[in-house]
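A.B. asks: First the structure, which I've put down as structure tokens, then a few questions once you've had a look.
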Amino acid sequence: MRTQVAIIGAGPAGLLLGHLLKAEGIDCVVIERQTPDYVLGRIRAGVLEQITVQLMERLGLDARLKAEGLVEGGFNLADGERLIRIDVAELTGKTVVVYGQTEITRDLMDAAAPRGLEVIYGTEDVTLHAVESDSPAITFRKDGVDQRIDARFIVGCDGFHGPSRKAIPASVGREYERVYPFGWLGILADVPPCNHELIYANHERGFALASMRSHTRSRYYVDVPLTEKIEDWSDERIWDELAIRLGPDASANITRGPSIEKSIAPLRSYVFEPMRHGSLLLAGDSAHIVPPTGAKGLNLAASDVHYATAALTAFFRHNDHDAIADYSAKALARVWKSERFSWSLTKLMHRFPDDGPFERAMQVAELDYIANSAAAQTSIAENYVGLPV
């Protein structure tokens, strides 16, 4: 098989890129290791910045998003008895939309065949070849048959554990990483949310987040040590812990119900540079990971796809090699700013094991400053709603 762009990974980043390239008349093929059902079963982010919404609008795949998504004009920071509302709409003139990553993936997946986007699921032993040349290739096995795709470019949208980043020599790449000493225990339940906007809570027992996927489906988190096991956390224990950490006002409005899904996700901040090597471009989690505090993971992938689409379109339409060369620097400039915001919000709202009275006093002072400073709230709101691309 021969194509102009071979995309590895059929999560939202890979599918979004495939649709955008097809819309520009660029041939592409997407390959994915897992099955469609497995991809849709991943419970991930739910807060969309404007760049993500705009890309779905550009494709004309935003009908369900607009019908079912919840437009949010703000969010809240809680510390004990205090609830600090960040009025994002008032401070920035922009909003975010609550719409699950699973739903974005479903919309992109359902539109693939009607729009002629070829997606090959269930691939094994995916290997990249000659990425430093102008004729890279991918080999893989599908249903026991060895196959090969020759392309002009490969884009790795295959996540943190995929093969794309590993195809870049260690002598070329540089890794930056911060592993956090806790994970997020999440529970998804078909119950109405306790608040119409997200609540990030810093409590002496630990962090908690109240969020939602719809008016009838809620997503809650508490942070736990990495040694915790999900089987030790019954639904009742999670609800009890949430009621304590979220504070009396929020807990009074919590509706309890059986979990649809429970999991513990470790937290890390990670960046790989560069995001382009030869004819290989990286996008999304293959190049960077953010802690979920601040909801930047999916949105960073969308901005990567925005930059990659522009670079590849300029190359194939105008033979613009500079656009390809500039891709990594453009993407990373936004990546690092989002990493900074996610790290700072994580540091502000979590109790770290090694923190003492001084670190706690700094959190209290910072939250008090935010509560009483329009400038501080504006800075947070600008980052939360998404910096310009």
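A.B. asks: Can you tell me the mean projection area, over all orientations, of the convex hull of segment 147-205's alpha carbons? Units nm², please. Display every interim value, and only then the final one.
C.D. replies: Working: hull surface 38.1 nm².
With the hull built on Cα positions only, its mean projection is 9.5 nm².
A.B. asks: Expressed in whole Å with the largest first, what are the equivalent ellipsoid semi-axes of segment 270-389 derived from the C-alpha gyration tensor as the square root of 5 times each eigenvalue? Display every interim value, and only then the final one.
C.D. replies: On the way: eigenvalues 249, 48, 18 Å².
In descending order the semi-axes read 35, 15, 9 Å.
A.B. asks: Would you mind getting the Kirkwood hydrodynamic radius of segment 1-149 from its Cα pairs, rounded to one decimal in Å? It would help to have the intermediate numbers written out before the result.
C.D. replies: On the way: mean 1/r = 0.0573 Å⁻¹.
Averaging 1/r across every pair of different Cα atoms and inverting gives 17.4 Å.
A.B. asks: While we're on this one: Can you give the translational diffusion coefficient of segment 210-280 in µm²/s, computed by Stokes-Einstein from the Kirkwood radius over Cα pairs at 37 °C and 0.692 mPa s? Walk me through the numbers on the way to the answer.
C.D. replies: Details: Rh = 15.0 Å.
Here the translational diffusion coefficient equals 219 µm²/s.
A.B. asks: Running a GNM on the chain with Cα contacts under 10 Å, which residue among 59, 332, 267 ends up with the highest mean-square fluctuation?
C.D. replies: 59
A.B. asks: Same structure again: Nearest 5 percent is fine: what portion of the DSSP beta bridges confined to the chain is antiparallel? Working shown, then result.
C.D. replies: Details: 56 of 75 bridges.
The antiparallel proportion sits near 75 percent.
A.B. asks: Answer with one residue from 289, 303, 348: the one whose Cα lies farthest towards the positive end of the charge dipole of segment 289-348, charges on Cβ with Lys, Arg +1 and Asp, Glu -1.
C.D. replies: 348
A.B. asks: Still on this structure: Testing the spin-label approximation: label points 7 Å from Cα along Cα→Cβ at residue 337 and residue 236. State their distance in nm.
C.D. replies: Spacing of the two 7 Å Cα→Cβ label points: 4.9 nm.
A.B. asks: Calculate, for residue 90 and residue 368, the FRET efficiency according to 1/(1 + (r/R0)^6) with r their C-beta to C-beta distance and R0 25 Å; round to the nearest 0.05.
C.D. replies: Working: r = 21 Å, r/R0 = 0.83.
Once rounded, the FRET efficiency stands at 0.75.
A.B. asks: If you don't mind, there's one more thing I want to ask. Please give every one of the lysines within straight-line cross-link reach of residue 142, meaning a C-alpha to C-alpha distance under 25 Å, and leave out same-chain neighbours fewer than 8 residues apart.
C.D. replies: 22, 166
A.B. asks: Further question on the same structure: In terms of Cα to Cα distance under 20 Å, which lysines are near enough to residue 66, apart from those fewer than 8 places away along the same chain?
C.D. replies: 94
A.B. asks: Cα gyration tensor of segment 345-389, axes a ≥ b ≥ c as square roots of the eigenvalues: rounded (a/c below 1.5), prolate (a/b > b/c) or oblate?
C.D. replies: oblate
A.B. asks: Give me the number: length gained by fully extending residue 376 to residue 249, i.e. 0.36 nm times residue separation minus the C-alpha to C-alpha distance, one decimal in nm.
C.D. replies: Numbers: separation 127, 0.36 × 127 = 45.72 nm, distance 2.45 nm.
So the extension gain works out to 43.3 nm.
A.B. asks: Distance from the Cα centre of segment 12-81 to that of segment 145-169, in angstrom?
C.D. replies: 22
A.B. asks: Express in whole angstrom the spacing between the alpha-carbon centres of segment 236-254 and segment 296-369.
C.D. replies: Cα centroid of segment 236-254 versus Cα centroid of segment 296-369: 31 Å apart.
A.B. asks: Tell me the accessible surface of residue 94 in square angstrom (1.4 angstrom probe, heavy atoms of protein chains only), to the nearest ten.
C.D. replies: Only protein atoms counted, so the area is about 70 Å².
A.B. asks: Something else: So what's the Cα pair-distance distribution over segment 119-182, bin width 5 Å, in %?
C.D. replies: Bins of 5 Å from zero give 4, 14, 22, 24, 16, 9, 7, 4, 1 percent of pairs.
A.B. asks: Something else: Determine which lysines satisfy two conditions relative to residue 262: a Cα distance under 17 Å, and not lying fewer than 8 residues away in the same chain.
C.D. replies: Of all the lysines, those that pass the test against residue 262 - Cα under 17 Å, at least 8 places apart if same chain - are 229.
A.B. asks: If you don't mind, there's one more thing I want to ask. I'd like the FRET efficiency for residue 37 and residue 147, computed as 1/(1 + (r/R0)^6) with the beta carbon distance as r and R0 of 30 Å, rounded to 0.05. Please list the in-between numbers first.
C.D. replies: Working: r = 22 Å, r/R0 = 0.74.
Rounded to the nearest 0.05, the efficiency is 0.85.
A.B. asks: Beyond 28 Å, what percent of the Cα pairs of segment 70-204 remain? Each step should come with its number before you reach the end.
C.D. replies: Values: 4530 of 9045 pairs.
Distances greater than 28 Å cover 50 percent of the Cα pairs.
A.B. asks: Taking Cα pairs under 8 Å and at least six residues apart, what relative contact order does segment 179-305 come out at, in percent? Intermediate results must be reported in sequence, preceding the final value.
C.D. replies: Values: 228 pairs, mean separation 35.4, N = 127.
Here the relative contact order equals 28 percent.
A.B. asks: Let me ask something else. How big is the convex hull of the Cα atoms of segment 294-335, per residue, in Å³?
C.D. replies: Working: hull volume 1.8 nm³, N = 42.
About 42 Å³ per residue, rounded to a whole number.
A.B. asks: I would also like to ask the following. Can you give the accessible area of residue 194, probe radius 1.4 Å, in Å² rounded to 10?
C.D. replies: Per-residue accessible area (residue 194): approximately 10 Å².
The values are calculated or read from the model by the stated rules, or taken from the named source; none is laboratory data. Predicted model only: the values in this text are computed from it and were never measured. Note: ideal-geometry Cβ built from the backbone for every residue, glycine included; neighbour counts use all protein chains shown. Each accessible area value is taken on the protein alone, full model and side chains, heavy atoms only, with ligands, DNA and RNA left out. Shrake-Rupley method; radii C 1.70, N 1.55, O 1.52, S 1.80 Å.
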